[in-house]
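Just so it is clear, none of the values below were taken in a lab; they were calculated from the coordinates. Note that the coordinates shown come from a computational prediction; the quantities given were computed from them, not determined experimentally. Backbone-built Cβ (ideal geometry, glycine too); neighbour counts: all protein chains shown.
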Amino acid sequence: MTGKVQTVLGPIEPEEIGLTSMHEHIMIDFTVVFQGSPEATLKKKAHEPISMKNLGWVRYDPFRSHENLQLTDEDTAISEIALYKRSGGGTITELTTIGIRRDPVALANVSRSTGVHIVCGAGYYIGPSHPEDMDEKTIDEIEEQIVREGKTGIGDTGVQAGIIGELGCMWPLWENERKVLIAAGRAQQRTGASILIHPGRAPDAPFEVMDILEGEGVEPSRVVMGHIGRTYTSLDEILKLAERGCYLEYDQFGLESSYFSYGVTEFPSDGTRLNFIKQIVDAGFGSRIVVGQDIFAKSQLRRYGGYGYAHLTENVIPRMRERLTDEEVNDIMVENPKKVLTLGEPTV
């Protein structure tokens, strides 16, 4: 499969991907991060359906609504992804991994129904979501599983993963997460697939991950470091990471609340994200930027009053064009994802 992009419906030529969101979730049960309350009224509220009556409460803190954290309806997914296609979207990298209810068959159905190319991921999410037997799994076993998901398919579905990740990392890094990173580094060299990382919530976290992966022989250009916008507020730190040679992913466009309960208290706006991207491009690293929205909740969907997956194509790209040239925008939206998603030659 070297030189191809592996989608949930099979391999395609890299030139076919079009505008690409590099980080989304289409089918996910994200209740592992649910932050409930022992208070009776709030506990009841957390399990109510999303409606105009409670939408503001849910949006302000999306992790306190159990109902909000479940994207499990295939028909809803099809209608939402169709809007992305209609507005010019070509490909979505769907990064739901083990621990948050990956559903490769549903992704294949969504892709078939909408015409959007979907690349799904292999591997494990953060430690709190790992299966009960994770302590017993060896690095070799995890490596073989990741390789198998890329080469022959996920379980018995026949749907093959086209990227490794998102691999979840906490801060400090859990020992089982370290095992997954080592296994993924070895699997990367056997499959030629890129690795995408959900780093821990500390500025040093991405550098620790890079040290581990490079220690296993992974080329930095085969690594995408996610969540740059919520990890760094300093351009100097961002450029220091860029110098390591990995891709920088601004993947939370559309999440603009100044309050974000899950680990950080201040969250950037889309304008702030775009201004950082402009500075990174001006510093000479435009060939290392990819973007997405990281949709994980009902409140982000158009059906529930959110921006939807088409926010990237309808709103973000026009604002990006106010800051960057057409060529620079094309690099971020098409050419850079193409390089990430094209399977390289296995090195072992």
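When the pairs 240/338; 85/278; 151/179; 45/85 are compared against a 32 Å limit on Cα-Cα distance, 45/85 fall above it. Each Lys and Arg adds +1 at its Cβ and each Asp and Glu adds -1 at its Cβ; summed about the Cα centre, region 10-135 shows a dipole of about 580 debye.
Roughly what % of Cα-Cα distances in region 229-348 sit above 26 Å, to the whole percent?
Value for region 229-348: 23 percent of Cα pairs lie more than 26 Å apart.
Annotation for residue 233 and residue 133: the two label points, set 7 Å from Cα along the Cα-Cβ direction, are 4.5 nm apart.
For a paramagnetic label modelled on residue 202 (point 7 Å from Cα along Cα→Cβ), amide N atoms under 20 Å away belong, within region 264-303, to 264-266. Listed peptides 238-244, 124-130 appear in the order 124-130, 238-244 once ranked by packing, highest mean of other Cβ atoms within 10 Å at the front. Could you give P(r) for the chain, binned at 10 Å from zero, as whole percent values over all Cα-Cα pairs? Per 10 Å bin, starting at zero, the Cα-Cα P(r) for the chain comes out as 6, 27, 37, 25, 5, 0 percent.
Spin-label model, residue 112/residue 303: points 7 Å from Cα along the beta carbon direction are separated by 1.9 nm. At full extension, residue 60 and residue 32 could sit 8.2 nm farther apart than now, given 0.36 nm per residue minus the alpha carbon distance.
Tally Lys and Arg at +1 and Asp and Glu at -1 over the other residues with C-beta under 15 Å from the C-beta of residue 109: what net charge comes out?
It works out to a net charge of -3.
For the pair residue 261 and residue 275, the difference between a 0.36 nm per residue extended length and the Cα-Cα distance amounts to 2.7 nm. With N as its number of residues, region 31-177 has a Cα radius of gyration that, divided by 2.2 N^0.38 Å, comes to 1.20.
Run the numbers for residue 105 and residue 243: contour at 0.36 nm per residue of separation, minus the present Cα-Cα distance, in nm.
45.8 nm
Here the peptides 322-334, 70-82, 290-302, 132-144 are ranked by packing, the mean other Cβ count within 10 Å, and the order with the highest first is 290-302, 70-82, 322-334, 132-144.
Note on region 270-339: semi-axes of the ellipsoid equivalent to its C-alpha gyration tensor, largest first and rounded to whole Å, are 24, 12, 11.
A simple spin-label model places pseudo-atoms 7 Å from Cα toward Cβ; at residue 321 and residue 283 they are separated by 2.8 nm. For region 32-114, the convex hull spanned by the alpha carbon atoms encloses 117 Å³ per residue.
Where both bridge residues fall in the chain, DSSP classifies roughly 20% of the beta bridges as antiparallel.
In terms of packing, defined here as the mean over residues of other Cβ atoms within 10 angstrom, the peptides 51-59, 173-181 line up highest first as 173-181, 51-59.
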